[in-house]
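Following: one structure in structure tokens, then a few remarks.
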Amino acid sequence: QVQLVESGGGLVQAGGSLRVSCAASGSIVRIFGMRWYRQAPGKQRELVATVTSGGSTNYAGSVKGRFTISRDNAKNSVYLQMNSLKPEDTAVYYCNANDDFQIYWGQGTQVTVSS
């Protein structure tokens, strides 16, 4: 079993920056894709960014150019650097990863952007 633990959320003013982190632990053989999702109140969970085991990245259009996803395979960790934050980025941010067997989710970390 693999556990994902996020950290780094908080309150920031519009235009500011924040970095959230996610570390995987447990019975890790190999983690393949790692992703960040977010869910705002009253809205569906949406995919924000993806990074493959080889380092290829992909972003939702709403965050492209502002957010950067990265990973450290040696630490089984994934990061999301968020710049030029907007109030509409306010959400609970969830880490997601998969191995050969299943998909795992973290518990989420709150990011609040004030106007």
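What follows is calculated from the coordinates using simple rules that are stated; it is not laboratory data. If you're wondering where the values come from, they're calculated on a predicted model, not measured in any experiment. Neighbour counts run over all protein chains shown; Cβ positions are idealised from the backbone, glycine included.
Where the alpha-carbon atoms of the chain are placed on the principal axes, they occupy 43, 25, 22 Å, in descending order. Neighbours of ALA49, meaning other residues whose beta-carbon lies under 15 angstrom from its beta-carbon, give a summed charge of +4 when Lys and Arg score +1 and Asp and Glu score -1.
Listed by chain and number, the lysines whose alpha-carbon sits under 22 Å from that of LYS64, ignoring those within fewer than 8 places in the same chain, are LYS43, LYS86. Other residues within the sphere of radius under 15 Å centred on the Cβ of LEU85, judged by their own Cβ, net out at +3 (K and R +1, D and E -1). Its Cα gyration tensor gives the stretch 1-64 an equivalent ellipsoid. The semi-axes, each the square root of 5 times an eigenvalue, are 23, 15, 13 Å from largest down.
With R₀ set to 25 Å, the beta-carbon distance separating ARG30 from GLU88 gives a calculated FRET efficiency near 0.10.
Run the quick spin-label model on GLN39 and GLN13: label points 7 Å from Cα toward the beta carbon, then report their separation in nm to one decimal. Roughly 3.2 nm, to one decimal. Which residue, LEU11, LEU47, LEU80, tops the fluctuation ranking in a GNM of the chain built on C-alpha contacts under 10 Å? Sorting by GNM fluctuation, first place goes to LEU11. A simple packing score, the average count of other Cβ atoms within 10 Å per residue, orders the peptides 87-96, 58-67 as 87-96, 58-67, with the highest score first.
On full extension, the segment bounded by GLN3 and ASP99 gains 33.4 nm, given 0.36 nm per residue less the C-alpha separation.
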